[in-house]
Structure formats: structure tokens, C-alpha cells
Amino acid sequence: MSQPKDPGARAAELRAAIRRHEHLYYVLSKPEISDREFDALDRELRDIEAAHPELITPDSPTQRVGEVPLSEFPSVNHKEPMLSLENTYSEDEVREFEERIRRQLGNTSLSYVAEPKIDGLSLSVTYEKGRLVRAVTRGDGKIGDDVTANARTIRSLPLSLTPPHDGRGIPESIEVRGEVYLPRSVFTRLNEERVRNDEEPFVNPRNAASGAMKQLDPRQVAERGLELFLYSLAQVSGPEPKSHSEALVLLRSLGLRTNPEIRLCASIEDALTECAALREKRHNLDYDIDGVVIKVDSLSLQRELGATSKFPRWAIAYKFPAERATTRLVNIDVQVGRTGKLTPVAHLEPVFVGGTTVSRATLHNAEEIARKDIRVGDLVVVERGGEVIPKIVEVVADKRPPSAAPFAMPTACPVCGAHVAAIAGEVDLRCPNTSCKAQIEERIKHYARRQAMDIEGLGDKLVGVLVEMGAVKDIADLYTLEPSALAQLERMGEKSATNLVASIDKSREAGLQRLLFGLGIRFVGERAAELLSRRFGSMEALSRATAEEIDAVPEIGEAVVASLREWFEAPQNRHLLDRLHKAGVRLNAISGGREEARTLEGLQFVLTGVLDSMDRNEAKRRIESRGGRVTSAVSSKTDFIVAGGDAGSKLEKGRALGIKILDEAGLLGLLSENSRPAPTPSS
Ligand code: IVH
């Protein structure tokens, strides 16, 4: 048998491998191994570090996300101010920009770099001795916020630099600048989620990114999935590059991520051609760009040109105009959300704008429709700027059909016919009928979501069918569904019916945090659910808590307090909780956080194979919260082996050593028991 490696050496080896694969994946977008293989390396390193905390280094890839929220961001002076850019929308003004440069510098040869102007927020990042030591926002250009803990969570930003291949070595100190952004794909997912949670969606990825960077809790920033491109070298110790393009090569050689669309241009006309090319391409990129930055390439010429108090004289931003198109407003549809809120949505004759064909636009509420006097049948101008969903900017008044009448919100719910009511102090109208099919459907969809009760197989379409046929009138009805009845539904075989009932069954154990979120109480998002579950531990305790007690929970505001009160006071909700309780749905927290009984103190666990109800991180966290330890290797010290599906050699080794084997149910049992289990007797 091969000798197990010294943990320190193995940890160093794993760190190097993980850094290399992170670079390949996040910086170069050229992964060489699967996510699974990557996770295995990460897991092994985490296991070693858990068993030998003294081996943890600050730049270990496991140390991206700090556990402790900050109370504020310290202010930092920028060594060199972070300037803004002069903007223009016209090609001629770009040519004038060059003429101005020529007047100042005389007739010299000029080349430019054209780069996408990423629509995000700028960040200055300093590495000392190759380690990331500081990340600062632009702020007012002179003083910014130290957001290092947040920046560390950005996977495309390395925590340590890689030595360049040409043997130059890593500079003692280097400050680079770039743009943090939220990929469009991530933004779309995030907003879908927010809408489902009855939270206001972000208008564009930039707002979502800047909101994230302002969070004081790095764990939340990590969840947001920010990325970054570096676009300039602010300062470097040792030899300096001669041009901006050379500086970008240096950044790349240190493992930093630069934008692949950056081009060196031999003349200003070439740079303008590049602007046109990027404008064509912009909609195929996974990030928003609002223009092109044209920079003089030579760094000595940049210095000679200098800057005004606001802008450098060696760069200009050529901005793309917001894209607009004219189309017909076919109808205004009124949708009913989970909490009964009525939202008007414009249905348009499909039109190509901002890179996609759109057939819907937001109208927000009746007030906005009245202000712009938008009527069904109108020819309207739609605009897609930085926002994802286009808006109607104006009506082409002289093209209005004579029959077009002003729009009025319905007085009855378009789905159930109940009389709609304006809620005091709000512009929105609501359907007050909590048995409205639209509301039931949205509530159940929400309840089944991954972040809520995670009921696999209960998709939106199926929920629609179940509600429509009256099989499910509220979430408690889910627990009465029979496989035989489900199997009768169109496109639902016996096997998927059985699986669905099994996953509904499993959701009984989801615990208070998921349940609270899943109930869809207004303003109770994932974070509030987590905090409330941790503080009160059971539905019973929460329902009895006074407004003051709830309000005293940090981060929980008045809106949540009022909404919870209203929810618990409604008799139908009390009845619902009663039925959920009778259906065996767990109404208390799975892990009471700090109050967790340490029933596994001193016991060692090894996890192998795949668990259904949680991933390894979660299993590890839950074992540790009860005082247990999770290690990667099976030894005579191991007390339990938790074997999920596809368990491998560790299980065999455990059997050979006579170690107690737990299946998933066994583990869940241990995690909910209040007494200490009997481990493997030591030999
Ligand atoms: S150069 C002094 N390059 O645009 C030169 N800026 O309007 C400053 N931006 O604050 C920056 N992409 O946040 C530069 N490729 C790029 C950029 C870029 C986006 C942002 C940056 C800056 C703002 C100026």
C-alpha cells in the first residue's frame, strides 16, 4: 500500500492544482477537468484543512469567503485617483479627440487600444508579494471603500498571482484596476427568483452587482456570482511596460483576467471600425457593455497627455445609444401574483430590439400607464437600454386609432372575479381572495422551489394542472396526493408519480427555515427565513413572539414584522399550519444554530458516496454543528462511515475495519436525535 502523503505537502499540492484549474475555468474559460473532479480536489483540501487547521493559508482557495460580516467598510485613499471617462455618442467627436491629441503632441505616430466598456463598477486591486491584499471601490475617485472581503469571493479574481512563464517573477507590489460585473445569465436567474419571492427585481445587472458589493456579509456576496475583468495597470514595482497593450499582456501572464475582445488598432479609423464591430457583437456577450473605450496605447504618450481634474486626455468612451424600436401594443394583460398583486403587462407585436425579439414590456402599474397615456392599439416606442425587460418610452400620438380608449385596471380579479382592493398606502391593487386559483398556483410553485421545500418533479406546468383540476387547493393538499391518482394524469407514468410522492414526502423534513420561506409570506425572503428560524427555532415560538421580539432580530425590519403578524393572525393560515403539522411536516428548525445539542462531540465521520437530501458540505456542516468531525480518510479512529449512493473503496475499508456504517436515513436520525449515539467500539 502506498504511504499516505504528509498532509502539509498534499495540501500544498492540492492548492496548486485548484489554483491552476480555477485559472483555466474562471480566467481562461478553458476547463480541463469536470466540475465533479474539481469538487473532489476542493473537498480533499477542505478535509485536510479541517483536520489540520494550522495548515490553512490566507490565500488557500478554500479561504475565499469570510464567515464574519463586517460592520462597515473602511475608507481608503487611492494612491492615484480613479478618474472617469469623457463620453461621446458620435464618431466625429472621436475624430476630434484625436485632433486634440495631435495638437498637443505634434505629429507623432499614434496607435490605440479599443476595449469593451463593461457596464459594472470599478475596482482597484493590490497584490503584494503576489498575494491579494486590498480591493477598493472607486468611491468619489479619491477615496473609496475597502471591500477586500467581498472581492475575495469573486472567483475570476485570483487570491495569489502566478509567476509569468518568461521568468520575470512576480512584482513585489502591483495595483490593477478593472470592472466587477454580474454575468447576464446569472442576472436573469437572480431576477426570476426575486420576482417569485415577491421582491422587486433589479433593473439591470449593474445595479445587482453594485448592490452585492455593498453587502457587509461576504457570504451573501459569494452567492451572487460576481465576475471581473481587469483593464488597467495602475502601478507596478520594477520594470514598467511601455504600452497599455503590453501591460495587459503582463496582467494576463500573472494569471489575471482581461477581456478577450480587446484590440490593438493602428489608427483612429481602425478603432472606430472596432466600435462598430463590438456594437454588432454586444448582444452575444454574457455581460453588458455600454460602449467602447478607446485608449492611446503608448504609456509615455499617456503621461505626456495627462488628465483634467475629471478625465484622462488619452482616452474616450464611445457610447452606444439605447436601442429603440416602434411596434403595436396589442393588449394589456393583468397578471395575478402569489400575494394577489395585480401587474399590468404589455403584449406587443414582436419586434427586434437590443439583440432580441421582444413581445412583452413592463408597465409597472396603472399610474405609469395613465401618465404616459398608453392605450391598447397604440403604436409605441420601446427601448432596451441597460434594462433587460424593455419599457415603453412613449406613444406615437398621431398614429393612435380613433377607437383607442384610456386603460383602466380591472375592478375584479381577472382570474377569480373577486373585487380587487387598493392596499392603504400602496399604489398596487390586490386580489383579496386567497383561494384565487392564480394565487394558489403561484404559492404552490413557490413552495416547491429548490430554495424552499425543494420538491423535485413538481414543475410549474404540473402545478397548473393540479390546481386547475382542483386536486390541490393549498400546500397542505400536496401531502394527500396518491401515486395512483397522479399516474392518471397526462404524461405522468407510474414511476414519475411514485417519485413525485417520494419527494413530496421528503419535503416533510425540510425544516423551519425552508418552510418559512416556502410559505411565501410577504417580505420573508430566504435571508429573513434563515434569521427567524435561527432565532426562534420553531413555528410555535415564532407565532407567539411579540412584534418587539421579532423586530429585535438584526436585519429584520418593520415590513417583515408587520407581514408576519398579519399572516399569523389570519385564521386560514393557522388552519394551514395545523394541517401541515397533521401531515407530518416538520415545524421546527433542523439545526438550531448555536443552540444545537452537541450529541456528536468527539466522534469522527467519513462521508462517502452521494446523499440525496443534502450535499457533502451541508452534511459536514450539520455533523460539525453537533460537535462531530468529518475527515477524508478511514482509519481506526473513524467512528461512523456515512455511505450514500455509489459509495466506493472507503466503504469497503470501513467494513474491513468493522466500523459502523450509516445510510442516509441513519445520518438524518443521528442529526435529529437528542442523545449521543453508540459508535463503533474501539478495539
Ligand atoms: S479605463 C481613467 N477601461 O468606465 C480611465 N474603464 O466611465 C478609467 N469602464 O470608472 C478607466 N470598462 O469603471 C476603462 N475597459 C475599460 C472600462 C472602463 C468599463 C468603466 C470604469 C470607469 C468608467 C468611466
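Please treat every number below as a calculation from the coordinates, not as lab data. Here the structure is a predicted model, which is why all the values come from computation and not from measurement. Note: ideal-geometry Cβ built from the backbone for every residue, glycine included; neighbour counts use all protein chains shown.
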Taking N as the residue count of region 103-150, its alpha carbon Rg divided by 2.2 N^0.38 Å gives 1.72
Low-density loop cleavage sites - GluC sites (Glu not before Pro) in region 386-493, where at most 16 other Cβ are within 10 Å (DSSP)
426, 456, 490
Among 300, 498, 480, flag the residue with its Cα farthest along the positive direction of the charge dipole of the chain, charges on Cβ as +1 for Lys/Arg and -1 for Asp/Glu.
498
Given contacts defined as C-alpha pairs under 8 Å and at least six residues apart, what's the relative contact order of the chain, whole-number percent?
9
Averaged over all directions, how much area does the convex hull of the C-alpha atoms of region 272-356 cover when projected, in nm²?
9.9
How long are the three semi-axes of the equivalent ellipsoid of region 202-253, in whole Å, if each is the root of 5 times an eigenvalue of the C-alpha gyration tensor, listed from largest down?
32, 13, 9
Using amide H atoms built 1.01 Å from N in the peptide plane, name the residues 5+ places from residue 394, or on other chains, whose amide H lies under 5 Å from its own.
381
May I ask you to evaluate 6.51 cos²θ - 1.76 cosθ + 1.60, the Karplus curve with θ = phi - 60°, for each residue of region 149-164 and list the ³J(HN,Hα) values in order in whole Hz, giving x for glycine and proline?
4, 6, 5, 4, 7, 7, 5, 7, 9, x, 7, 9, 7, 9, x, x
What value does the chain have for Rg/Rh, both radii from Cα atoms and Rh as Kirkwood defines it?
1.00
Cα-centred dipole magnitude for region 340-428, charges only on beta-carbon of K, R (+1) and D, E (-1), debye, nearest 20:
140
Tensor-based shape of region 161-275 (alpha-carbon gyration tensor, a/c under 1.5 rounded, otherwise prolate or oblate)
oblate
Cα-Cα pairs of region 455-589 separated by more than 17 Å (percent)
61
Using the count of nearby Cβ atoms within 10 Å as a rough guide to exposure, how do 213, 492 rank from fewest to most?
492, 213
Translational diffusion coefficient of region 397-443 at 10 °C, 1.306 mPa s, Stokes-Einstein with Kirkwood Rh over Cα pairs, in µm²/s as a whole number.
124
Dipole size in debye (nearest 20) for region 285-370 around its Cα centre, Lys and Arg Cβ +1, Asp and Glu Cβ -1?
200
FRET efficiency, residue 652 to residue 246 (Cβ-Cβ, R0 45 Å, nearest 0.05):
0.20
Output for region 1-140 (equivalent-ellipsoid semi-axes, sqrt of 5λ from the C-alpha gyration tensor, Å, descending) is 45, 21, 14
For the chain, build the charge dipole from Cβ charges (+1 Lys, Arg; -1 Asp, Glu) around the Cα centre, then report which of 533, 517, 101 sits farthest towards its positive end.
533
Sort 112, 479, 287 so that the residue with the fewest other Cβ atoms within 10 Å of its own Cβ comes first and the one with the most comes last.
479, 287, 112
From the Cα gyration tensor of region 435-477, with a ≥ b ≥ c the square roots of its eigenvalues, which class applies: rounded if a/c is under 1.5, or else prolate if a/b is larger than b/c, or else oblate?
prolate
Cα-based Rg / Dmax (Å) for region 27-75:
14.6, 41
Quick one: Kirkwood hydrodynamic radius for region 495-568, alpha-carbon pairs, angstrom, one decimal?
13.1
Longest span of the chain, sites excluded, free of trypsin sites (Lys or Arg not before Pro) in DSSP loop with at most 16 other C-beta atoms within 10 Å?
492-597
Give me the number: length gained by fully extending residue 569 to residue 55, i.e. 0.36 nm times residue separation minus the C-alpha to C-alpha distance, one decimal in nm.
179.7 nm
Taking the C-alpha atoms of region 116-220, convex hull volume expressed per residue in Å³:
130
Using the 4.7 Å Cβ rule, please list in number order the cysteines from the chain without any candidate partner.
265, 275
For residue 370 and residue 509 in the same chain, what is the full-extension length gain: residue separation times 0.36 nm, less their Cα-Cα distance, in nm?
45.2 nm
hull vol. (C-alpha, convex hull) per residue for region 593-683, Å³ -> 82
I'd like to know which of 88, 41, 63 lies farthest towards the positive end of the charge dipole of region 41-147, counting +1 on Cβ of Lys and Arg and -1 on Cβ of Asp and Glu.
88
Return the tail of the calculated pair distribution for region 205-360, meaning the percent of Cα-Cα pairs more than 22 Å apart.
63
Can you give the calculated 222 nm mean residue ellipticity of the chain, where each DSSP H run of n ≥ 4 adds -39,500 (n - 2.57) and the sum is split over every residue, rounded to the nearest 500 deg cm²/dmol?
-10000 deg cm²/dmol
By the C-alpha gyration tensor axes a ≥ b ≥ c (rounded if a/c is under 1.5, else prolate when a/b exceeds b/c, else oblate), the shape of region 530-660 is prolate
Among 567, 314, what is the fewest-to-most ranking by other Cβ atoms within 10 Å?
567, 314
Convert each backbone phi in region 447-461 into a coupling constant with the Karplus relation 6.51 cos²θ - 1.76 cosθ + 1.60 (shift: θ = phi - 60°), then list the ³J(HN,Hα) values in order as whole Hz, x for Gly and Pro.
4, 7, 4, 4, 6, 9, 7, 6, 8, 5, x, 9, x, 4, 4
Measure off 7 Å from each Cα along the Cα-to-Cβ vector at residue 434 and residue 63, then give the distance between these two points in nanometres to one decimal.
5.0
For all pairs of alpha-carbon atoms in region 267-426, what percent lies in each bin of width 5 Å, listed from the first bin to the last filled one?
1, 8, 13, 14, 12, 11, 10, 8, 7, 6, 5, 3, 2, 1, 0
Cα-centred dipole magnitude for the chain, charges only on beta-carbon of K, R (+1) and D, E (-1), debye, nearest 20:
720
Taking alpha-carbon centroids only, region 312-381 lies from region 534-609 a number of Å equal to 41
How high is the FRET efficiency from residue 310 to residue 422, r the C-beta distance, R0 51 Å, rounded to 0.05?
0.65
Give me D for region 472-524 in µm² s⁻¹, whole number, from Stokes-Einstein with Rh from the Kirkwood sum over alpha-carbon pairs, 37 °C and 0.692 mPa s.
266
Kirkwood hydrodynamic radius (C-alpha pairs) into Stokes-Einstein, region 58-180, 25 °C and 0.890 mPa s, D in µm²/s:
142
Computed over the Cα atoms of region 341-434, the Rg and Dmax in Å are 14.8, 43
